[in-house]
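The values are calculated or read from the model by the stated rules, or taken from the named source; none is laboratory data. Computed from a prediction, not measured in an experiment: that's the story for all the values here. Here the Cβ positions follow ideal geometry from the backbone for every residue, glycine too, while neighbour counts run over all protein chains shown.
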Amino acid sequence: MTSAVLFILLFFCMFIGMPIALALGFSSVITILFFSSDSLSTVALKLMANVSEHYTLLAIPFFILSSQFLSTGGVARRLIRFAMALVGHIRGGMAMASVLACMLFAAVSGSSPATVAAIGTIVIAGMVRAGYPENFAAGVITNAGTLGILIPPSIVMLVYAAATEVSAARMFMAGLIPGLIMGAMLMIGIYVLATIKDLPRQPWKGMGEVFRSGFSALGGLMLIIIVIGSIYGGVASPTEAAALSAVYAFFVAVFGYRDIGPLKDIPWRREGESVPVMLTRNIGRMALALPQSFFNREVHKTVMDAAKVSIMLLFIIANAMLFAHVLTTERIPHHIAEIITGMGFEAWSFLLIVNILLILGGDFMEPSALLLIMAPILLPIALKLGIDPIHLGIIMVVNMEIGMVTPPVGLNLFVTAGITGHNLVWVLKAALPWMMILLVFLVMVTYIPAISLWLPNTIDALRGFK
């Protein structure tokens, strides 16, 4: 009875257009008020405790701030140039470079819509000018942008870790190989279609361009090494790595690339200037600009934009975890687990049902909220069936990726529509063929656990061996 009331209230609130965060909170409060032994005072306590007690969630605003600095700066443009130098000479190379650039930017942003916006704004128009069909370019970027939540660091993975209390570091490890495989599958699909349609390739510019573009993109590439290396090497927790990434991104955007801040567009080296003079001049300028940068209008706007996104996401998380608290106290997941296991479901059939539910849910709900609702329900069942919680987490993240490109709440579709100026139906038609690759990849991740578990298990074994 309690579970029926809880879910009916939730879906009714969503149906009448209430924001998802308020729908989660309202249905939870009403259920506590009329059907639970908890007092209403627990609502305020839980809303605060849900965010403050989960240390892992502190990484989210840091990663969002890091992403804002790098999205505002020219990191995306430099990563695209580097990707073009690597694979642009292959048939369909500009589209393949776009996927590679999405993979690289995903490793510094942790957000799927941010990846589509940063990369798509530059490459879709570039591909059209180079002779690619616009729907081809839009479809590739819309789907490649989903790598933003699969390749670590990922905000969605942090949410799953907080909801299920699994290791965020292991989740990051588990997402790396699936992210690389999915990117490779998209690039193979591009190559096959490019060969059939005789799409253009760019001239090979030599290894010199590879090294020059790699050095230009080093600011962004180093962030990948710092974050992933510190987490995988056991030097820092995901939260500590996120804080480090935010500080690093600030210095790269303001003092390295100088795309924002008081030193904007001032070149590092003047024509004919010697290296000692260049270093002296820049060190002096940076020392004077550091206090100014904290009051700079562009820096202030970037921080405020990151704060708005963080507050919005953490408000959704707080209400979703209140909803999960009601589920747990009323033992709803345990009852569902007993029913499922009593019906004789095996692991493979359970995972099939999970994928169907999450794909349908992803059509209507924001990924973090859907994950926070479903993870506490699905995890007890998965554990009873012998499914690793890390494996379940990666399956859920891949389903969230597909939700990013399916209407009516597919955020990537809206971003691409804004970039191209076309309506949502046109973008959906463009993205649909590439979505088939995502569905094939989902089947692979679901039924080949080693794709997700090999790297974290290997790293754990190496640490134990030491």
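General remarks:
- Qualifying positions in segment 61-94 - more than 30 Å from Ile311 (Cα to Cα) and among the small types (Gly, Ala, Ser): Ala83, Ala85, Gly88, Gly92, Gly93
- Just one residue in the set Val159, Val140 is more than 28 Å from Pro456 (Cβ to Cβ) and surrounded by 23 or more Cβ atoms within 10 Å (Cβ to Cβ); that residue is Val140.
- Check on Gly220, assigned to a helix (DSSP H, G or I), small (Gly, Ala, Ser) and either surrounded by fewer than 19 Cβ atoms within 10 Å (Cβ to Cβ) or touching a helix residue (DSSP H, G or I) at 6+ places or on another chain (Cβ under 8 Å) (or both): yes
- Checking Thr164 against (1) of a type outside the set (D, E, K, R); (2) on the phi > 0 side of the Ramachandran plot; (3) in contact with a helix residue (DSSP H, G or I) (Cβ under 6 Å, 6 or more places away or on another chain), the condition it does not meet: (2)
- The residues of segment 380-418 that are hydrophobic (A, V, I, L, M, F, W, C) and surrounded by fewer than 22 Cβ atoms within 10 Å (Cβ to Cβ), listed by number, are Leu383, Leu385, Ile387, Ile402, Val409, Leu411, Phe414, Ala417.
- Condition check for Asn355: within 18 Å of the chain's Cα centre (by Cα), more than 27 Å from Val128 (Cα to Cα), crowded, with 19+ Cβ neighbours inside 10 Å and at pLDDT 90 or above: no
- Given (1) touching a residue at least 60 places away in the same chain (Cβ under 8 Å); (2) closer than 19 Å to Gly25 by Cβ, number of the condition Trp348 does not satisfy: (2)
- Annotation note: Cβ proximity below 9 Å between a residue of segment 120-132 that is small (Gly, Ala, Ser) and a residue that is surrounded by fewer than 17 Cβ atoms within 10 Å (Cβ to Cβ) and not in a helix (DSSP H, G or I) (sequence gap 6+ or interchain) occurs for Ala130/Pro200; Ala130/Gln202; Gly131/Pro200.
- Helices (runs of 4 or more DSSP H) contained entirely in segment 5-119, each with at least 2 residues that are at pLDDT below 85 and either closer than 28 Å to Gly214 by Cβ or touching a strand residue (DSSP E or B) at 6+ places or on another chain (Cβ under 6 Å) (or both): 59-72, 75-87, 93-109
- Checked against the criterion of being surrounded by 18 or more Cβ atoms within 10 Å (Cβ to Cβ) and under 16 Å from Gly362 (Cα atoms), segment 438-454 has at least one qualifying residue.
- The condition of being at pLDDT 90 or above, assigned to a loop (DSSP other than H, G, I, E, B) and either of a type outside the set (Gly, Ala, Ser) or in contact with a helix residue (DSSP H, G or I) (Cβ under 6 Å, 6 or more places away or on another chain) (or both) holds for Ile387.
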